[in-house]
Amino acid sequence: MENRFWSGRLLKFDLQAGETLLITGPASLRLERGGATVFGAPLQPRQKLTVMKEKQLPIEIIHDSTLEAELGERASYLEIQGTATPDSWMAAAEAFQKLEVGKALVIGSTDTGKSTLCTFLTNHSLKLERNVAVIDADIGQSDLGPPGSLGLSIITSPLISLENSRVDAMIFIGETSPSLVTEKVVRGILKLGEKIPKDTATVINTDGWVTGEEAVAFKTRLMEELKPNLTIALAEGDELNPIFEAYTNPVLRVQVPKFIKVRSREERRRLREHGYRKHLRNAIHKNLSLERIKADSLFTKRLEGGEILGFLDRDGFLFGIGILENLNRRRKILRAYTDVSTRDVAEIECGNIRLSHHGAELDWQTPHRQLS
């Protein structure tokens, strides 16, 4: 079961029922014949499936199948006997199905498969012909919305990846770690919850900050405020025990997948930068008058330029991001790199992430420079 690396090659796989093909991107593939699933979602014949760089997808073979794959630079594949999905995940899916309209909260440290489990739970619940709401509260590796935000999607059909889902609402946080914005994250999740129809079951993904007293206090607060009907914990060892001890309600522990892709800090940064670029794809340089726009954080913070901006509607929901270029405090004129329609902006928040126009994360400047 050795990983095989290829670059720019077109490969054909003939696989038998019960096998799994693990593909690590960048890659694209198609099911030529047979039957296969990804996280419980069926692959359609000739459907093109793209696997991003730094991500991995398990193609589980239901009927003898032929797949064609084009692998990019440093892409890899691994053929295994059996499933890559832990048995305990199906037990979690069954428990979630029984909730009908309840909330399931997924917790775990970094690179344990939280977003994958949320996708798995969603797809299996959709088999009951009901919609599922997904809240992505992993602000550092968000699949719904840009990094530094919370996202909500009402899922109506099986999905391969949350990243390709329609986003129904977003909350701007402006940080990629919750440690300094715990209250804002909690309030944001609750605000997104108000947008979910009452007859809809909900899955909530969380960030991987789980160790240390502050992390334990945050996760405990999260569970107490959200009041989930089902808390699912992905644990490799005893790293979540302090959270379990502080939280008195039952927790369903499930296994971390054996073949999970563990990402380096640099790989996680590249994924975030892909997310920024996606939401700045059509950005241009714009001047905005702040006379009728609430922008308190722009006037109270020391600005360097390059700060991420969140453009909010009248209800406080995020509908686009931008990059701060300059601020004329006297004339109340903001110059930003963004694709948002300025007539829809009711409020602008300034975050604590600095970006280049190409979506690359920048370090904070020293000595500190104040924009005029």
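Any read-out appearing in this document is the output of simple, stated calculations on the displayed coordinates, not a laboratory observation. Given the structure is predicted, the values throughout are model-derived calculations rather than measurements. Note: ideal-geometry Cβ built from the backbone for every residue, glycine included; neighbour counts use all protein chains shown.
Which listed residue (Pro45, Val251, Thr85) has the Cα farthest towards the positive end of the charge dipole for the chain, taking +1 on Lys and Arg C-beta and -1 on Asp and Glu C-beta about the Cα centre?
Pro45
Taking the Cβ of each residue in Ile308, Ile333 as the centre, tally the other Cβ atoms inside 10 Å and list the residues starting with the fewest.
Details: Ile308 27, Ile333 14.
Starting with the residue having the fewest Cβ neighbours, the order is Ile333, Ile308.
Could you pull out which residues in the range 316-353 have an amide N less than 15 Å from a spot 7 Å beyond the Cα of Lys278, following the Cα-Cβ vector?
Only 320-321 pass the distance filter.
At 7 Å along the Cα-to-beta-carbon direction for both Arg292 and Lys227, put a label point, then send me their distance in nm to one decimal.
Here the answer is 4.0 nm between the modelled labels.
How many percent of DSSP beta bridges within the chain run antiparallel, rounded to 5? Intermediate values should be presented prior to the final figure.
Numbers: 69 of 88 bridges.
Roughly 80 percent of the DSSP beta bridges within the chain come out antiparallel.
Per DSSP helix of 4 or more residues, -39500 (n - 2.57); summed, then divided by the residues of the chain. What does that give at 222 nm, rounded to the nearest 500?
-6000 deg cm²/dmol
Lys pairs in the range 266-362, Cα-Cα under 19 Å, at least 8 apart or on separate chains: how many?
5
Calculated FRET efficiency, Ser28 and Arg74, Cβ-Cβ r, R0 22 Å, to nearest 0.05?
It comes out at approximately 0.90.
Pick out the long, greasy-scoring helices in the chain: whole DSSP H runs spanning 15 Å or more along their own axis by Cα, mean Kyte-Doolittle at least -1.0.
Values: long enough: 87-97 (16 Å, -0.03); 114-126 (18 Å, 0.18); 182-193 (17 Å, 0.27); 213-226 (20 Å, -0.21); 265-279 (22 Å, -3.05).
Helices passing the filter in the chain: 87-97, 114-126, 182-193, 213-226.
Going through the cross-link list Lys48/Lys127; Lys48/Lys195; Lys98/Lys184; Lys127/Lys195; Lys53/Lys191; Lys53/Lys227, which pairs have a Cα-Cα distance over 26 Å in this structure?
Correct reply: Lys48/Lys195; Lys98/Lys184; Lys53/Lys191; Lys53/Lys227.
Per-residue HN-Hα couplings for the range 294-307, Karplus 6.51 cos²θ - 1.76 cosθ + 1.60 at θ = phi - 60°, whole Hz, x for Gly and Pro?
Result, ordered by residue: 6, 8, 4, 5, 5, 9, 9, 9, 7, 10, 10, x, x, 5 Hz.
Quick check: Cα centre of the range 126-195 to Cα centre of the range 240-289, how many Å?
Answer, in whole Å: 11.
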